[in-house]
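What follows is a set of notes on a single structure, which appears directly below.
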């Protein structure tokens with residue numbers, strides 16, 4: 001009997017210790033890259049706390065004496081932590097604010113990381129056309145990938161293009177059915193650009209970005225996010241930030257965007273949790289395919305835009321799912 005309760009107690013510890021580490025890191029976000037990466041798993045702590053709560057309820061109902069008291073007091077501690085995480089993730093289901101229907105023609109922004117240019121070029125172009133994307137923001141565009149996408153009809157469908165293809169991960173490009181102007185390169189490790197998108201009856205500023213992942217001390221990650229925020233703050237009028245931000249809504253840089261009036265399109269559309277990395281089957285652990293776990297690709301919009309919907313779609317050859325956001329000028 002004692003062995004059974006000891007096993008239950010060890011199970012609770014195995015669940016709550018990593019959950020508590022995630023909670024504490026989300027609240028404080030220490031400087032090191034390993035802590036920044038841990039923050040990305042904030043939504044997953046909900047599962048850990050729920051499983052721990054089930055075991056504690058077993059101890060509370062079936063236990064006796066000290067075991068029952070321990071289960072009861074532990075429930076008192078776990079329930080508020082579970083509620084805190086549900087609050088953090090809740091905005092993705094109930095929205096940050098009521099969405100007002102826009103009056104203009106809807107336009108769609110697509111963002112996709114091509115993973116060293118290895119994404120299936122035909123599928124990238126086909127998805128852009130299927131979703132009637134007006135603007136396509138691509139990261140990790142290599143010269144070969146650009147040539148293959150143009151061969152698949154990207155240039156015919158999107159006559160306006162800015163950015164530059166580069167080997168490795170640094171290539172960022174924007175393809176558009178609308179004229180692009182006032183292009184400025186951002187001072188970031190990987191290529192990023194600010195530009196004007198000339199819509200039929202209006203214009204907006206687009207920031208096509210790709211800050212590096214938070215590896216090592218995460219200083220470059222923080223510096224590039226700060227550069228992007230400054231660029232967004234310097235824009236006039238309607239602003240959209242799109243790309244692989246290598247950050248979730250739980251990370252401080254994206255929470256600071258929210259505080260400055262740029263909100264996540266998926267959250268505004270009540271799209272729920274839409275993880276974009278890793279795409280199903282593209283990453284394996286011990287021979288088992290890892291399902292999408294982290295929402296690190298984003299379209300951020302200011303309050304002059306209404307969000308109709310968002311969608312995340314897998315693309316063969318890349319570990320990122322493509323993200324689509326349909327927007328309307330209010």
Taking region 149-184 as the region of interest, how many residues are in a helix (DSSP H, G or I) and at positive phi?
0
Could you list, in sequence order, all residues of region 232-247 that are more than 28 Å from residue 319 (Cα to Cα) and buried (at least 20 other Cβ atoms within 10 Å of the Cβ)?
238
Working only within region 34-57, note down all residues that are assigned to a helix (DSSP H, G or I) and under 21 Å from the mean Cα position of the chain (by Cα).
34, 35, 36, 37, 38, 39, 42, 43, 44, 45, 46, 47
Residue 180: farther than 27 Å from residue 36 by Cβ and surrounded by 15 or more Cβ atoms within 10 Å (Cβ to Cβ), yes or no?
yes
I'd like the residue in region 196-208 that is at pLDDT 95 or above and surrounded by fewer than 22 Cβ atoms within 10 Å (Cβ to Cβ) and, out of all such residues, is farthest from residue 236 (Cα to Cα).
198
Inspect region 222-238 for any residue being touching a strand residue (DSSP E or B) at 6+ places or on another chain (Cβ under 9 Å) and assigned to a strand (DSSP E or B) and give the result as yes or no.
no
How many residues are at pLDDT 90 or above and either in contact with a strand residue (DSSP E or B) (Cβ under 7 Å, 6 or more places away or on another chain) or loosely packed, with under 12 Cβ neighbours inside 10 Å (or both) if we restrict to region 84-106?
2
Region 122-131, residues that are surrounded by fewer than 23 Cβ atoms within 10 Å (Cβ to Cβ) and assigned to a helix (DSSP H, G or I)
122, 123, 126, 127, 129, 130
Report, ordered by the first and then the second residue, all pairs with beta carbons closer than 6 Å, sequence separation of six or more or different chains, a first member in region 288-300 that is in the same structural domain as residue 172 (by TED's automatic domain parsing), and a second member that is modelled with pLDDT under 90.
289/281; 290/283; 291/280
By residue number, the members of region 273-293 that are assigned to a strand (DSSP E or B) and buried (at least 18 other Cβ atoms within 10 Å of the Cβ) are 277
Does region 58-70 include one or more residues that are over 26 Å from the mean Cα position of the chain (by Cα), at pLDDT below 85, outside any helix (DSSP H, G or I) and not assigned by TED's automatic domain parsing to the domain that holds residue 247?
yes
Selection from region 185-207 of residues that are part of a loop (DSSP other than H, G, I, E, B) and touching a strand residue (DSSP E or B) at 6+ places or on another chain (Cβ under 9 Å):
186, 188, 190, 191, 192, 199, 201, 202
Scanning region 301-317 residue by residue, those within 17 Å of residue 119 (Cα to Cα), in contact (Cβ under 8 Å) with a residue 60 or more places away in the chain and out of contact with any strand residue (DSSP E or B) (no Cβ under 6 Å at 6 or more places or on another chain) turn out to be 316, 317
Would you pick out the residues in region 34-60 that are in contact with a helix residue (DSSP H, G or I) (Cβ under 9 Å, 6 or more places away or on another chain), within 21 Å of residue 254 (Cα to Cα) and surrounded by 17 or more Cβ atoms within 10 Å (Cβ to Cβ)?
35, 36, 38, 39, 41, 42, 43, 45, 46
Over region 239-291, the set of residues at pLDDT 95 or above, touching a helix residue (DSSP H, G or I) at 6+ places or on another chain (Cβ under 6 Å) and at positive phi is none
Of all residues in region 1-33, count the ones that are under 26 Å from the mean Cα position of the chain (by Cα), assigned to a helix (DSSP H, G or I) and surrounded by 14 or more Cβ atoms within 10 Å (Cβ to Cβ).
11
Restricting attention to region 130-188, report how many residues are in contact with a helix residue (DSSP H, G or I) (Cβ under 9 Å, 6 or more places away or on another chain) and touching a residue at least 60 places away in the same chain (Cβ under 8 Å).
1
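The values are calculated or read from the model by the stated rules, or taken from the named source; none is laboratory data. The structure presented is a predicted model; accordingly, all values stated were derived computationally and were not measured. Note that we place each Cβ from the backbone using ideal geometry, even for glycine, and neighbour counts take in every protein chain shown.
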